[in-house]
Amino acid sequence: MALALLLPACAAPGERPATAEPAPITASRSPAVDTLPCTRAKAEPGRTPTAADVATPRSPGPLPRPSDEYLDEEYRGEMLRRQMEANDAYRERRPLPETALPGAVRCAVKAEDALKPLYEKKVFDEKAVKKALAAAGLPDSAVEKPASRDRAPHDGVIIAAWTGQACIVGYLSPGYGAHVEYGSTIADGGCLPARD
């Protein structure tokens with residue numbers, strides 16, 4: 001039965017098999033656009049929010065092994081440093097494209113404006129933070145307790161929002177105040193590391 005299904009696709013003896021033309025490659029992905037209301041807010045001159053750290057180049061090339069690698073403390077220390085660097089690589093961010101910067105900056109400023117009054121009033125409730133961010137033009141923001149892999153104080157709450165081109169991330173902490181940054185997604189693909 002299977003052979004009967006395959007035979008019509010074969011060429012007759014002495015004929016060259018027909019080759020199918022490859023399908024043209026088309027760009028089906030549309031360019032990224034900002035979708036949050038805060039990206040269309042009026043820019044505030046003089047306000048410069050914090051850009052998230054961008055990954056620095058990795059350690060150059062392989063590390064030459066000394067003959068006494070198990071006794072060479074300098075070699076073992078460098079190997080440990082490189083292993084720790086590799087373990088954290090999933091949290092690294094890359095530079096944002098120029099088109100993403102205006103919306104990211106506007107939203108980061110709006111998020112700062114939403115969080116600072118909450119800190120001054122000592123309000124650290126997730127619902128209150130979510131409501132303040134929504135009113136500032138960042139609806140559907142993630143607001144939750146920090147997880148073990150978050151680069152934030154482990155009191156209060158962390159925030160994350162996607163503008164359509166950039167991440168707005170930060171925290172509201174009783175001990176450390178309000179802090180907001182903008183940047184790309186992390187190497188894992190989201191704005192924040194996977195939850196515990």
For a quick protection proxy, order the peptides 127-135, 75-83 by their average other-Cβ count within 10 Å, most packed first. 127-135, 75-83
The answer for region 102-161, accessible area per residue at 1.4 Å probe in Å², is 49 Å²
Taking the Cα centre of region 79-118 as origin and charging only Cβ (+1 Lys, Arg; -1 Asp, Glu), how large is the dipole, in debye to the nearest 20? 60 debye
Distance between region 36-95 and region 122-177 - C-alpha centres, whole angstrom: 23 Å
For region 135-196 the trypsin sites (Lys or Arg not before Pro) that pass both the DSSP coil test and the at-most-13 other-Cβ-within-10 Å test are Arg195
For region 106-196, I need the span (max minus min coordinate) of the C-alpha atoms along each principal axis, in Å, sorted largest to smallest. 35, 28, 18
Residue-span extension gain [Glu73 to Lys116] - 0.36 nm each, minus C-alpha spacing: 10.8 nm
If you roll a 1.4 Å probe over region 53-153 with all protein chains in place, what percent of the accessible area is carbon or sulfur? 55 percent
Cβ charges +1 (Lys, Arg) and -1 (Asp, Glu), total dipole of region 37-196, debye: 860 debye
By the mean-Cβ-within-10 Å protection proxy, highest first, 94-101, 106-113, 43-50, 156-163 rank as 106-113, 156-163, 94-101, 43-50
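The values are calculated or read from the model by the stated rules, or taken from the named source; none is laboratory data. Just so it is clear, the model here is predicted, and its values are computed rather than measured. Every residue, glycine among them, receives a Cβ derived from its backbone with ideal geometry; neighbour counts consider all protein chains shown. Quick note on the areas: whole protein, heavy atoms, side chains included, nothing else; ligands and nucleic acids left out. Shrake-Rupley method; radii C 1.70, N 1.55, O 1.52, S 1.80 Å.
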